[in-house]
Amino acid sequence: FIFDENARFLMIRRTETAPWKPLAWDIPGGHVDKGEKPLEAAYREAREETQLEVRELEVVPHTAGKREYFATKNFSGTIQFVINPEHGSVEHDDYRWVTFEEYQQIHHKTIPNEMAVVQAMKLLGYPLPSPYDVLLEKPNE
């Protein structure tokens with residue numbers, strides 16, 4: 001997850017000809033190459049898919065599912081969609097910075113588990129949406 005200063009995160013739309021889930025909204029990410037660590041893959045995929053340079057990626061506490069998520073609010077650059085040399089085509093064609101509530105309204109998305117979004121927000125210190133603000137509240141120490 002790449003968040004901006006307004007607690008919105010970047011979603012990118014897969015093209016009509018994308019090899020997996022055409023026209024679905026997703027976050028930057030992808031497969032881990034042979035010999036690559038998941039964190040290395042996260043940096044590489046963000047750069048390949050958006051041309052953004054992300055820094056200080058943190059592991060999002062595990063949520064249900066097999067995807068591993070990373071989050072940051074530290075990035076630079078301008079979003080651009082270019083040809084992926086591995087596939088020879090552009091994989092994404094549009095982007096949005098969305099709030100949690102806007103994310104919930106997107107019907108065709110690759111991340112149906114909203115807990116992943118909530119855990120990323122919590123990790124980066126953003127206010128949590130209701131009812132998660134109460135459910136994930138830290139107990140008094």
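Data table
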{"item": "In region 1-70, the chymotrypsin sites (Phe, Trp or Tyr not before Pro) that fall in loop regions by DSSP, at most 11 other Cβ within 10 Å", "result": "W20"}
{"item": "Beta bridges per DSSP with both ends in the chain, % antiparallel, nearest 5", "result": "90 percent"}
{"item": "Set of lysines near K122 by C-alpha distance (under 17 Å), chain-local residues within fewer than 8 positions excluded", "result": "K73, K138"}
{"item": "Low-density loop cleavage sites - GluC sites (Glu not before Pro) in region 1-85, where at most 14 other Cβ are within 10 Å (DSSP)", "result": "E5, E16, E36, E56"}
{"item": "Estimated inter-spin distance, L39 and E56, nm [label 7 Å along Cα→Cβ]", "result": "1.5 nm"}
{"item": "S130, S89, ranked by accessible area, largest first (probe 1.4 Å)", "result": "S130, S89"}
{"item": "Inter-probe distance in nm under a simple model that places probes 7 Å from Cα toward Cβ, at V32 and R47", "result": "1.9 nm"}
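The values are calculated or read from the model by the stated rules, or taken from the named source; none is laboratory data. In this text the structure is predicted, and so the values were computed from the model without any measurement. With ideal geometry, Cβ positions are generated from the backbone for all residues, glycine too; neighbour counts draw on all protein chains shown. Protein only, heavy atoms only, side chains kept; ligands, DNA and RNA dropped before computing areas. Shrake-Rupley method; radii C 1.70, N 1.55, O 1.52, S 1.80 Å.
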